[in-house]
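Enquirer: Take a look at this one; I'll ask things after.
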Amino acid sequence: MNIVLNVEGMSCGHCVSAITAAVQPLPGVTGVEVDLSAGTVTVSGTPDTYPDRKAVTAAIEDCGYEAA
């Protein structure tokens with residue numbers, strides 16, 4: 001199961017590191033993929049421990065990015 005969010009303001013490796021570090025520890029998250037060129041963040045989880053979309057969005061926005 002995946003959550004795909006459009007994220008504005010990402011431009012470099014630091015952005016990738018910051019978002020990954022903020023989202024990876026959330027409950028239910030098994031993987032984080034940041035695609036700078038597409039402006040997306042894909043968060044993976046398993047069906048029984050699916051990550052909370054609101055928590056993922058909040059973690060990204062706490063890093064200073066707009067997530068939708």
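The values are calculated or read from the model by the stated rules, or taken from the named source; none is laboratory data. Because the structure is predicted, anything quoted here is derived from the model rather than measured. Cβ atoms come from the backbone with ideal geometry, glycine included; neighbour counts cover every protein chain shown.
Enquirer: Please specify each residue of the stretch 35-68 satisfying the condition of being in a strand (DSSP E or B) and acidic (D, E). Please lay out each step first, then the result.
Expert: Here is the first cut: in the stretch 35-68, the ones in a strand (DSSP E or B) are 35, 40-45, 66-67.
Across the stretch 35-68, the qualifying residues are D35, E66.
Enquirer: Filter the stretch 26-41 down to the residues that are modelled with pLDDT of 95 or more and exposed (fewer than 12 other Cβ atoms within 10 Å of the Cβ) and list them by number.
Expert: Passing the criteria: only S37.
Enquirer: Go through the stretch 16-36 residue by residue and tally those that are in contact with a strand residue (DSSP E or B) (Cβ under 7 Å, 6 or more places away or on another chain), more than 11 Å from V56 (Cβ to Cβ) and of a type outside the set (S, T, N, Q).
Expert: Qualifying residue count, the stretch 16-36: 4.
Enquirer: Mind checking which residues of the stretch 1-18 are buried (at least 17 other Cβ atoms within 10 Å of the Cβ) and either in a strand (DSSP E or B) or basic (K, R) (or both)?
Expert: First, pick out the residues of the stretch 1-18 that are buried (at least 17 other Cβ atoms within 10 Å of the Cβ): 3, 5, 7, 10, 15-16, 18.
Across the stretch 1-18, the qualifying residues are I3, L5, V7.
Enquirer: How many of the residues in the stretch 42-67 are more than 10 Å from the chain's Cα centre (by Cα), loosely packed, with under 15 Cβ neighbours inside 10 Å and at pLDDT 90 or above?
Expert: Residues in the stretch 42-67 being more than 10 Å from the chain's Cα centre (by Cα), loosely packed, with under 15 Cβ neighbours inside 10 Å and at pLDDT 90 or above: 4 in total.
Enquirer: Between a residue in the stretch 19-34 that is part of a loop (DSSP other than H, G, I, E, B) and any residue that is of a type in the set (K, R) and at pLDDT 95 or above, which pairs come within a Cβ distance under 7 Å, given they are 6 or more apart or on different chains?
Expert: Here the result reads none, with nothing in the stretch 19-34 linked to a residue that is of a type in the set (K, R) and at pLDDT 95 or above.
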